[in-house]
1. Just to be sure I understand: of the beta bridges DSSP finds with both ends in the chain, what percent are antiparallel, rounded to 5?
2. With +1 on the Cβ of every Lys and Arg and -1 on the Cβ of every Asp and Glu, and nothing else charged, how large is the dipole of the chain about its Cα centre, in debye rounded to the nearest 20?
3. Put +1 on the Cβ of every Lys and Arg and -1 on every Asp and Glu Cβ in the range 2-147; which of M61, I104, Y71 then has its Cα farthest towards the positive end of the dipole?
4. Please report the projected area of the range 63-116's Cα convex hull averaged over all directions, in nm².
5. Please work out the Cα center distance from the range 172-244 to the range 78-147, rounded to the nearest Å.
6. Treat the range 7-239 as a sphere of radius equal to its Kirkwood radius over Cα pairs and apply Stokes-Einstein at 4 °C in a medium of 1.567 mPa s; give the translational diffusion coefficient in µm²/s, rounded to a whole number.
7. Taking the convex hull of the alpha carbon atoms in the range 6-125, what volume per residue do you get, in Å³?
8. For the range 147-258, what are the per-bin percents of Cα-Cα distances with bins 5 Å wide, up to the bin holding the maximum?
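What follows draws every value from the coordinates through simple rules; no lab data is involved. Values in this document were obtained by computation on a predicted structure and should not be read as measured data. Positions of Cβ are backbone-derived with ideal geometry, glycine not excepted, and every protein chain shown enters the neighbour counts.
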Amino acid sequence: MKNKDYLKISDKKFSSRLIVGTGKYKNFTECADAVKQSGAEIVTVAVRRVNISDKNKPLLMDYLNPKKITYLPNTAGCFNSTDALRTLRLAREIGGWKLVKLEILGDKRTLLPDMIETLKSTEILSKEGFEVMVYCNDDPLMAKRLEEVGAVAIMPLAAPIGSGLGIQNKINIQIIKQEIKIPLLIDAGIGQPSDATIAMELGCDGVLVNTAIAKSKKPIEMALAMKFAVIAGRKSYLAGRMKKNFFGSASSPKKGII
């Protein structure tokens with residue numbers, strides 16, 4: 001891979017740091033067009049909601065070739081460990097997928113993660129050979145524990161799923177980044193491209209975006225905007241911002257003034 005600044009998750013390398021969800025679009029055609037414009041190399045697939053096995057109905061695979069793009073099966077809609085484990089084991093049987101996204105919700109109103117069930121399930125799945133990317137809260141201590149039980153990536157929320165509120169706790173996100181050695185990707189709460197840029201400027205390794213693209217007025221254009229936002233944020237982080245100063249500083253040299 002020519003681009004040295006790749007995103008590495010487990011033993012897999014990706015040029016794009018943007019992951020795109022496949023839900024909430026008008027149809028599979030719109031979804032596929034948005035994914036193409038985004039440049040994403042990974043798409044999340046809600047195993048319980050998106051058709052990937054019933055050949056009598058439209059198949060996502062007919063629009064997004066799993067040989068050309070990495071499918072990331074997730075457990076969206078699961079509220080306990082039993083359902084989540086069953087869902088991902090089914091995904092492995094259907095498509096042989098081992099790289100998965102674990103998402104166990106604790107409340108139907110807020111859609112916040114149940115971290116007790118999540119931690120337990122992460123350990124079980126890791127022991128079964130799954131490579132688990134974990135949707136979680138923005139607690140640095142819990143992020144470290146998830147890493148210790150085998151998670152291959154931490155995916156804390158920026159704000160509640162689908163809220164579009166942007167990053168609400170920048171401090172915790174930065175602490176998590178310092179405390180773990182595995183990739184950190186913002187999962188939920190991105191509302192517009194500037195949110196994605198901020199996430200990348202904070203040092204996040206990537207972002208996952210679904211609702212902000214799918215529910216925008218023009219999903220295809222928004223997908224392209226998200227692509228460039230992630231690239232800009234990453235380059236900004238690598239470049240290193242200037243130091244903040246409470247006082248003005250002239251941009252022109254003082255010497256040689258006429």
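1. 15
2. Taking the Cα centre of the chain as origin, the dipole is about 920 debye.
3. Value computed over the given set: M61.
4. Mean orientational projected area (the range 63-116, Cα hull): 4.5 nm².
5. That distance is 22 Å.
6. 75
7. Working: hull volume 14.7 nm³, N = 120.
Enclosed volume per residue, from the Cα hull, is 122 Å³.
8. For the range 147-258, the pair-distance distribution reads 2, 11, 19, 19, 16, 11, 8, 5, 4, 3, 2, 1, 0, 0.
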